[in-house]
Structures are given as C-alpha cells and as structure tokens.
1. Could you check the range 206-228 and list, in sequence order, the residues that are buried (at least 22 other Cβ atoms within 10 Å of the Cβ) and of a type in the set (V, I, T)?
2. I need a count of the residues in the range 276-287 that are of a type in the set (A, V, I, L, M) and in contact (Cβ under 8 Å) with a residue 24 or more places away in the chain.
3. Hey, does the range 222-242 have a residue that's in a helix (DSSP H, G or I), aliphatic (A, V, I, L, M) and modelled with pLDDT under 85?
4. Between residues in the range 231-247 that are within 18 Å of L267 (Cα to Cα) and surrounded by 13 or more Cβ atoms within 10 Å (Cβ to Cβ) and residues that are at pLDDT below 95 and acidic (D, E), which pairs lie under 8 Å by C-beta distance while being six or more apart or on different chains?
5. Can you report the number of residues in the range 149-169 which are among the hydroxyl-bearing types (S, T, Y) and either in contact with a strand residue (DSSP E or B) (Cβ under 7 Å, 6 or more places away or on another chain) or at pLDDT 90 or above (or both)?
6. Looking at (1) modelled with pLDDT under 90; (2) part of a helix (DSSP H, G or I); (3) of a type outside the set (S, T, N, Q), can you tell me which one L277 breaks?
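The values are calculated or read from the model by the stated rules, or taken from the named source; none is laboratory data. Bear in mind that the values here come from a model prediction, so they are computed numbers and not experimental data. Cβ placement follows ideal geometry from the backbone for every residue including glycine, while neighbour counts extend to all protein chains displayed.
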Amino acid sequence: MTAPATSQPSADSATVAPAAVDSAAVDSAAADSAATDTTEHFYGVVLEAPEVVAVRPKPGESTGMSAILATGILLFAVVGLRFRNNRKYVTSLLRHLVETRLRQNVFDETVRETTFLVLLDILWSFSAGILLFTFLRQGHYTYFSHEITLPVPDTIRLHPARCMAACIGVSIIYTSFMAMAYTVVGTVFSDLRHAKLWLKGFSASQGLLSFLWFPLALITIFYSQWAGWLLLIAIATFILSKIIFIWKGFRIFFTQFSSWVLFLYYLCSLEIVPLILTCLGALLICGMLD
C-alpha cells in the first residue's frame with residue numbers, strides 16, 4: 001500500500017511569503033494612519049496688535065511751550081508794527097554792517113531807528129535761544145564725515161519748555177555781554193565814537209539775522225526731523241555775518257602792523273570764548289532743572 005504524498009513548500013514560496021506579509025502590513029498601517037490623522041497643521045507667527053497708550057504732555061510743559069510761542073509771536077508783531085512804512089530801516093542796517101566812516105550829521109540816526117534795532121536784537125536773542133536748545137537737544141551730529149557728540153542731560157528731553165526758556169535767557173545774556181565788551185574794547189583801543197560805530201555793526205548783523213532765524217526757530221519746534229539741516233543753515237549764516245563784522249572791525253582798528261597781535265587776541269577772547277561759554281552755560285543750567 002502506498003503512503004499519500006504530502007505537499008512540501010518550495011524554496012521560492014518560503015522566501016517570498018515573509019516579504020509579501022511585511023508589505024501588506026506596511027500598506028495597512030499607512031492606510032490606518034491616513035484614515036485616523038485628519039488634523040491640518042499650520043506653522044507660522046501670530047501677531048497681536050500692541051496696546052496703544054496715549055502719551056499726553058504734562059500740563060506745565062504744554063503751558064510753558066505755549067507761553068514761549070506766544071512771546072515770540074508778540075515780539076515779531078511789535079517788530080512788524082515798527083517796521084511798517086519804514087522800509088528804510090533795512091537799508092540803514094546794511095549801512096551799519098559795512099560802513100566805517102563816522103557820521104557828522106546827527107539827524108542821520110533817529111530814536112525810532114535805534115528802537116527798531118534794539119527790538120531786532122531781542123528777536124535775535126529769542127530765536128538764537130530756540131536754535132541753541134535745538135542744537136543741544138540733538139546731541140549727536142554727523143556733517144561731512146565729522147561726528148560731534150554733546151553730553152546732553154536728560155532734563156532737555158524731560159522738560160523741553162523750561163530748557164528752551166533757559167537757553168533764551170542765556171542768549172539774552174550773551175547779547176548784552178557782547179555789546180558791553182565791544183564798547184569797552186573799542187573805547188580802550190580807540191575812542192568812544194569808533195566803539196559806537198563798531199557796536200552798530202554788531203547790532204546790525206544780529207538784526208539782519210533775526211529775519212532769517214525767527215522762521216528757522218519756529219520750524220525747528222514744529223518739524224524736529226529737519227533740525228539738522230536747519231541748524232546747518234543757521235550756523236552758516238552766523239559765520240558769514242561774523243566774517244563781515246570782523247572785517248569791519250579790522251578796517252576800523254587796524255592802524256599799524258602791531259595791530260595784528262591785538263586782532264588775534266580779539267578773535268580768541270571776544271568771538272570764540274563767549275560762544276563756548278554760552279553753550280556750556282546752557283548745558284549746565286538745563287542740567288540743574290528738575
């Protein structure tokens with residue numbers, strides 16, 4: 001009797017079966033994960049609107065700034081009323097700036113002309129104080145690859161109205177001191193008549209600058225982003241007026257070769273040192289304000 005034959009798996013079927021099982025298992029797992037994972041993923045940055053905090057100026061500072069602007073407008077109105085129907089005053093200012101001869105006619109100069117010149121000097125001091133405050137507030141300058149950094153106190157930004165008023169006061173002191181200094185120096189090295197002639201040139205130079213500096217000062221208050229270029233214009237015109245004034249003084253007092261020494265001494269003592277002391281004094285006073 002013959003035993004039934006049993007089927008044995010071939011070698012090929014033994015090697016293929018595990019691979020087929022593994023592939024089927026992977027496909028099943030992928031299908032299950034695709035069926036169960038239905039969540040959409042987004043990656044990014046969520047931006048939220050910042051909280052807006054309204055910054056209101058202090059009542060004292062806003063009142064002080066309004067008072068400064070009102071004073072400037074009132075002063076300019078008084079100058080305009082004095083200038084009305086007297087356009088010859090501008091011609092007299094130009095004559096005072098460059099003329100070196102002594103006047104013999106007492107009627108060439110009137111009280112109204114002198115009053116107008118004094119008002120213009122006050123307007124110049126007011127405008128110069130605002131420009132000086134703007135110069136100190138900037139703190140850092142870069143002109144033609146040259147950097148200038150000033151030690152600006154925090155009070156200039158915290159109390160702008162007070163510091164501006166202090167700078168205006170320092171400018172008034174500067175104008176008064178320079179007028180007395182020119183009178184004394186001119187009298188010592190010459191006579192009183194030439195000293196008055198020299199002083200007229202100083203007042204005329206400041207008076208003519210006030211027509212330009214007053215609008216520049218107002219613009220620096222309302223448009224501080226232009227302060228750098230406006231200050232550059234103010235400094236350039238100031239240097240130009242000083243050159244004209246110094247040239248007039250040179251023609252008045254230069255009588256002999258030894259006058260060169262006195263002239264150089266005058267440049268250092270009356271034209272450079274007072275400007276430096278004015279800036280330092282303004283910084284010191286602004287730093288003392290609370």
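1. T220
2. 3
3. No; the residues of the range 222-242 include none that is in a helix (DSSP H, G or I), aliphatic (A, V, I, L, M) and modelled with pLDDT under 85.
4. Once the first residue is within 18 Å of L267 (Cα to Cα) and surrounded by 13 or more Cβ atoms within 10 Å (Cβ to Cβ) and sits in the range 231-247, its partners that are at pLDDT below 95 and acidic (D, E) give K242/E271; I246/E271.
5. 1
6. Of everything listed in (1) modelled with pLDDT under 90; (2) part of a helix (DSSP H, G or I); (3) of a type outside the set (S, T, N, Q), L277 misses just condition (1).
So that you can scan it fast, the table gives a plain yes or no per residue for (1) surrounded by fewer than 14 Cβ atoms within 10 Å (Cβ to Cβ); (2) modelled with pLDDT of 90 or more:
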site: L93; (1), (2): no, no
site: T100; (1), (2): no, no
site: F107; (1), (2): yes, no
site: L131; (1), (2): no, yes
site: H140; (1), (2): yes, no
site: E147; (1), (2): yes, no
site: S171; (1), (2): no, yes
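Yes or no, residue by residue, for (1) of a type outside the set (F, W, Y); (2) in a loop (DSSP other than H, G, I, E, B); (3) at pLDDT 85 or above; (4) in contact with a Leu (Cβ under 7 Å, 6 or more places away or on another chain):
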site	(1), (2), (3), (4)
V184	yes, no, yes, no
R193	yes, no, no, yes
S205	yes, no, yes, yes
P215	yes, no, yes, no
T220	yes, no, yes, yes
